[in-house]
1. Given the options A:Thr542, A:Thr588, A:Thr507, name the one that is closer than 17 Å to A:Pro430 by Cα and either acidic (Asp, Glu) or modelled with pLDDT of 50 or more (or both).
2. From (1) free of Cβ contacts under 8 Å to residues at least 60 places away in the same chain; (2) more than 8 Å from every other protein chain (Cβ to nearest Cβ); (3) not hydrophobic (A, V, I, L, M, F, W, C), pick out the condition that doesn't hold for A:Tyr584.
3. When you go through B:Val81, B:Val102, B:Val15 one by one, which is the residue that is surrounded by 20 or more Cβ atoms within 10 Å (Cβ to Cβ) and closer than 26 Å to A:Val570 by Cβ?
4. Name the residue that is surrounded by the fewest Cβ atoms within 10 Å (Cβ to Cβ), counting only residues in segment A:325-357 that are touching a Phe, Trp or Tyr at 6+ places or on another chain (Cβ under 6 Å) and in a helix (DSSP H, G or I).
5. Of the residues that make up segment B:4-16, is at least one modelled with pLDDT of 90 or more and outside any strand (DSSP E or B)?
6. Specify which of the listed residues (A:Leu75, A:Leu85) is more than 30 Å from A:Glu8 (Cβ to Cβ) and either modelled with pLDDT of 85 or more or among the β-branched types (Val, Ile, Thr) (or both).
7. The conditions are (1) surrounded by fewer than 20 Cβ atoms within 10 Å (Cβ to Cβ); (2) among the polar types (S, T, N, Q); (3) under 14 Å from A:Gly415 (Cα atoms), and A:Asn294 fails exactly one of them. Which is it?
Amino acid sequence: MVGASHNEEFIQEFLVESAENLDQLDRDLIALEQAPADEERLASIFRTVHTIKGNSGFFGFSKLGALTHSGEHLLGRLRDGTLVLDDRVTGSLYSMIDAVREILRTIQATGAEGDHDFRELAHRLTAVAAGDPATASPAVPAENPVPATRAAEAAAAAPSASPASPGADRPAAAERGAGESSIRVDVGLVGSILDLVGELVLARNELRSVSADDPAMVAAVHRINAVTNALQETAVKTRLQPIDHVFNKFPRTVRDLAVACGREVQLTIDGGDTELDRTLIESIRDPLTHLVRNAIDHGIEPPDVRVARGKPRAGTLALRAFNESGQVTIQVEDDGGGILVEAVRDKAIARGLVSAEAAAALPDERILQFIFEPGFSTAAAVTSVSGRGVGMDVVKTNIEAIGGTVDVHSRPGCGTTVRVRVPLTLAIMPALIVRSGSQRLAIPQAAVRELVPLRPDSDRHGDRGGLRIEGLEGGPVIRLRGRLLPVVFLDEFLALRERTACRDRGTVVIVRVDDHEFGIVIDGVRHDRPAEAGEQGSAIHTHAGDALPAAAATRGVAGIGEAASLSTVVVKPIGGLLAQIGLYAGATVLGDGGVVLILDLRGMLRAAELPPARDADPEATADAMAAGERYLVCRTGRGRRIALPLERVIHLENVPVADLQPLGDRHVLRRGPAFTPVVDADRLLGESSASAEDRISVVVCGGPDGPVGIAVRQILDVVASETPLQPALATSGVCGALALGGVATEVLDLARGLPC
Amino acid sequence: MLNTSEVVEVCAFRVGEHCFAIASAGVAEVLSSAAIAPVPLAPPAIVGLLHLRGRIVPVIDMRQSLGLPDRPPAAASTHLVIRLADDWYSLLVDEVLDVQTVGADRIEHPGKPVGGPAADAVTGVYADAHRLVHLVDPERVVQALHRQRTVPFVRHGDPHGG
C-alpha cells in the first residue's frame, strides 16, 4: 500500500518535471534551429531526452522509452557530427516532443500509456538518423519545412536582429542550476501559511493595543510588528511566479503558428522574470495566447507583402512584461499592418454602436477600442482588411475578471501594440475602508479616483469647497470638473437604512470601473484609535486593516481624510452562497478582528443600473474653473512654495527618507505589493534635489497610469483659490500661478505628465 | 441510502421547540459565541459572516431556514460550524445537545415537521429516549439558500426622468 502511493507520488513528480523539460526542449530546439553549431545546446537537448528515457524505463513506460530511445539515437548522430541538422531532423524531433507530451497527458489522465501507436514515428526517427531521404514526408504542419528554413535564413542573414527567446542568450545549464535551489510545495500549504500569517497579524494588532508602558515590552512589540510585516510580505511572495511560466510556451506556439500561416516571425521576449501571482498566471495564459495568435494571423503580413512594403521579410513579435505602478504590464507588440481605423469606424457605425457624427468626432484611439465590443471583431470585413481577429471581447472579459485592463494602440502600416495590465496578486490589495451607517465596507483602491467631501447646501458659495448632490428628482449626480457623475447612496443601495434626510453630509468616493465613472456616497470613516507616535506614514504599510495615519494627516488639512482609511487587506473568498448576491468580491479581516466585505464595483454598477457620466453644460464648468478651486499648498525641499489641485490628491504620507527605494534613475515607495513612483517636486521645477532630511512628505496624486508621489519638505495648508489660474505665469514644471491665502503661489503642472 | 445494518453518528441540536441532528462527521467545531458581521442584501437566513482562524464563514440561521419563529433577542444561540467539501458554514442553532449513535433501521421517513426554505432538508426522523429527532442534510440547507431570492435592489432613477 505504502509502496504504491509512493510510486504514484514519484510518477506525479516525473510528470511535472517532464512537462517542464519538454518546454525547455521546445525552446532549445528553436534556438538550435537558429544556431545549429551550438554544441552546448545540443548537449542540453540530448541530456533532457536522455532523462525522460531513463525515467520512463524506471516506471516501466515502454512506449515512452522506445520513442525517446529513437530520439536520443537521432540526437546522438547530430552530436557526433555524422548527421547535419536540417528541416527533416527538426521536424521529426518536434513530432517526438509532441508525441511524448501526448503520452504524458495520457499517463496523467489514466495512469497508463494508452493505446496510441507511436512505432511509426519511432521508425521515422530511426530512418532520419540513418540519413534515409525517402522517409519523413512532411505530414503535419509543424513539419512543413519551407517557411521555417526561411526564418532560419533570415535570422542568419541578419545577425544583428533582436535576440530570439531568452533561452537563446542564456545557457540552458544555468536554468537547470536555478531549479535545483527550489523545492516543490503544495499550493494548499502556501495558502494555509498565508492564513496563519493573517492570524498572526491580528494577534500582533491585539498585542499592540494592550501593550503596557514598559519600554522593554514596547520594544518587543515593535520587533514583532516588523517581523510580522516582513513575514507577510515574504509569504505573499511565495505565491508569485515568474511570468516565464506563460512566456515559455510562446517560442513553440509562435513557430507553429508562423508555419501554419505562412509567416516569418522573429519572437523577442523581455521581462520573463517579472513575477505574478500563480493564479493570475493561469488566467492570463489563454488571453495572451489569443493575442499572439491574432498578431501572427492578422497582424504580421506574409513575407512577400512585407517586402513589397519595404519591411524586413520576417515580422517581429515582441512580448514584454514589466512592473508599473504596482501592477504588471504585459505588452504584445507586432510590426505588422496595424488596424485600419476606418474599417473599425465603419463597422462600429454599421453595427449601431456609435452614430456617424459621433464616430467622426472620436479620436482614432477611441475608435480602436470598439474591437473589444462583443462580437465586433468576428466580422470578416474587419479581419480581411487586416484588422484583428476573433474574440478580443473575450480577451477583455477574461482580463477584467481578474481586475486587469486591456488597451490597444495601432499605427496603420507600422504595427499594433496590445497592453494588458493586471494586478500583481489578488490575495492582497490596497483598499479604502469606508463607513455607511453601522456598516464598514472595503472599496478596492485600484478603482478609486478621488474622494470629495459633500458641501452643505447652506454653504453654497462658501470657500470650504466640496460638492453638492444635484438632480434630486431624477437620478442624483454630482458635478465634477465639468462632468456630471451619477452617484449611489451606499446606505440606501445596501438597504442599510432609509436614505438620510440630510443629503449634504458625507463624502463621495469617485470610482472608475471599466469605462464608467460614478460616485459612492459614504458617511465617512472608521474612527480608529489615534495613530501611535512614530508610526506616521508607516502604518499604511502594516497589513490587514490598520488605520492609515496618513489619512489622519489628511484629516487635519483637508477634511476629506475623515472618509478614508486606507488599508492593505488580505482578500478572503466568501463562498458561492454570498457571491451569488453579486455585490461582494470577497471579505477581509481588519486589524480589530472585524470582518469587512469588499465591494464588487462591477456588480454594483450592474445592479444600480447607473447612467453613464456625461459632460455638464460648459457655462457652469467655466464658472467652476474660475475660482474657488481648492489647492494643497506645500513647501519643496529647496523652500519654494507650490500648490497642487486638491482634486488630484489621493492621500498624503510622511515617510522616512530611507523608505524611498531607488529604482533606476527614480525612486519608488513600496506599500505591500504596490510600488508608487515618487518624484521630487524640485526636480519637477527643473532644479536639483535639496539634501534630504530624515523624513519627507509625499503627496500621492492620481496620474494617467496610476498614483504618483510628489516629494515635498512640508505640507502647509489647503486653501481655496482667490483668483483664477494665470497661465501667463507658467514656467518649467509650473502651469501658472494664483493667489492662495493672499500669497502668489505657483501651481505644479500635473497635466503634462510626470517625468517618472 | 442507509443500509439497515449501518449505524450513524449524529450531532443533535435544538432549534426552537424542535430537535434536529446532522451527521457528526461534517461538524468542524462548536462555538458558543462569535462576532457576526452582517451582509447587506443577503438572503434573510444568512445572518452574516464570522471569522474563524483565517476563514470567512457564512452564518446560517436555522430558525429562518426551517421556517421557525425568530429567536427572542436575549435567547442564547450556538454556532455549529460544519464543513461541506471545501466550504465552511456556521449553522446558528439554539443549543447543541449531544452526539448520538443511531441505527439506520430506527430512522423513518419524516412527516412535514417544519416549513421554511429548507423544509426538504429534513431527510429522516428517529426517536431517542426523550423526543423525536429530525435528521437534517446540511447540503440541502445550503442548496435551499442558493435558490432563495435576495432583497431587490433600489433602482437608480434616470437623471432626466426620461
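1. A:Thr588
2. (2)
3. B:Val81
4. A:Ala348
5. no
6. A:Leu75
7. (1) is the only condition that A:Asn294 fails.
Let's see how each residue does on (1) at pLDDT below 80; (2) in contact with a Gly (Cβ under 8 Å, 6 or more places away or on another chain); (3) farther than 30 Å from A:Arg512 by Cα:
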residue	(1), (2), (3)
A:His667	no, no, no
A:Ser697	no, no, no
A:Val700	no, yes, no
A:Pro704	yes, yes, no
A:Ala711	no, yes, no
A:Ala720	yes, yes, no
A:Ser732	no, yes, yes
A:Gly741	yes, no, yes
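The values are calculated or read from the model by the stated rules, or taken from the named source; none is laboratory data. Owing to the predicted nature of the structure, the values given are computational and were not obtained by experimental measurement. Neighbour counts run over all protein chains shown; Cβ positions are idealised from the backbone, glycine included.
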